[in-house]
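Here the structure is laid out as structure tokens; the discussion comes afterwards.
Every number in this text was worked out from the coordinates using simple rules, so none of it is lab data. For clarity, every value in this text was computed on a predicted model and none was experimentally measured. Note that each Cβ is placed from the backbone with ideal geometry, even for glycine, and that neighbours are counted across all protein chains shown.
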Amino acid sequence: MRFYESVWAFVTALAIWPIASFAEQRTIAGQVVGEDGKGIPQAIVFVQEPADAASSAPQPAATMDQYNKTFVPDVLPVLVGTQVKFPNRDQIRHHVYSFSRAKRFELPLYKGEEASPVLFDKAGVVKIGCNIHDWMSAIILVLPNSHYAVTDEQGRFALSGVESGRYTLAAWHAQSRDKTEDTLQSVDVAASDLEIAFRLSLTPVRARPAARGARWD
């Protein structure tokens, strides 16, 4: 009898364990605001430490298009280990490159989808440019794990499925004057959801110059 009771207790524990594990997952929500207290859209909030806080399984390839002599999107968050394609939708050649520490690469003059995907294997900010059309610029933010969110029009964000533990969060925006390390906040995720806030100082948005001709057009 004791044997069957032990087996039943073990089976019951296995059945309950996934539910208990799920119940331990929480949401970290909040808002990113500017110096005026207004929400900042298109900011990216992410867990910086621990770097392996969430799954970093292989991701499908991401895409940054070149269209009308512009990178689309001009800001692209991806996980470490993601390959990014740079298809050229224009009828002219582009020469895509980056000299950033997180990723140095060069895709010499090409049209269409001739260029091979680029593997982004180190976390950090990667500034993208075109060696022919020097006003073309974009940023790829390479993140350490999948716990990240892009703020909405009100600057709100939510990181769901965060397990109990201590985390360091950061906020980033393409126009931010603040260094990422200056935005860091440590939080303890335990029995309830959390609400936090970030304040960033942004540089004024400059209008993109009109697409103009180049010697390779």
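Rounded to whole Hz and in sequence order, give me ³J(HN,Hα) for the stretch 66-82 from the Karplus expression 6.51 cos²θ - 1.76 cosθ + 1.60, θ = phi - 60°, writing x for Gly and Pro.
In residue order, the calculated couplings are 10, 9, 6, 6, 9, 7, 10, x, 8, 9, 9, x, 9, 8, 3, x, 8 Hz.
Run the quick spin-label model on SER201 and LEU109: label points 7 Å from Cα toward the beta carbon, then report their separation in nm to one decimal.
4.4
For the stretch 57-143, what relative contact order do you get, as a whole percent, if you take Cα pairs closer than 8 Å and at least 6 residues apart?
On the way: 215 pairs, mean separation 27.8, N = 87.
Once divided by the residue count of the stretch 57-143, the mean separation gives 32 percent.
So if I place +1 on the C-beta of Lys and Arg and -1 on the C-beta of Asp and Glu, and nothing else carries charge, what would the dipole magnitude of the stretch 57-143 be about its Cα centre? I want it in debye, nearest 20. The partial results should precede the final answer.
On the way: 10 positive and 8 negative charges, 36 e Å.
Dipole about the Cα centre, nearest 20: 180 debye.
Placing +1 on the Cβ of each Lys and Arg and -1 on the Cβ of each Asp and Glu in the stretch 94-217, which of LEU194, PHE105, THR180 has its Cα farthest towards the positive end of the resulting dipole?
Most positive-ward Cα: PHE105.
What lysines does LYS111 reach when the alpha-carbon gap must be under 18 Å and sequence neighbours fewer than 8 apart in one chain are set aside?
LYS69, LYS85
Kindly provide the GluC sites (Glu not before Pro) of the stretch 110-189 that DSSP labels as loop, not H, G, I, E or B, and whose Cβ sees at most 11 other Cβ atoms within 10 Å.
When the GluC sites (Glu not before Pro) of the stretch 110-189 are filtered for loop state and at most 11 Cβ neighbours within 10 Å, GLU153 remain.
For LYS38, list the lysines whose Cα falls under 21 Å from its own Cα; do not include residues on the same chain fewer than 8 positions away.
Candidates past the 8-residue exclusion: LYS179.
From Cα pairs below 8 angstrom and at least 6 apart in sequence, can you work out the relative contact order of the stretch 116-186, rounded to a whole percent? Could the numbers behind the result be given before it?
On the way: 58 pairs, mean separation 13.7, N = 71.
Across the stretch 116-186, relative contact order equals 19 percent.
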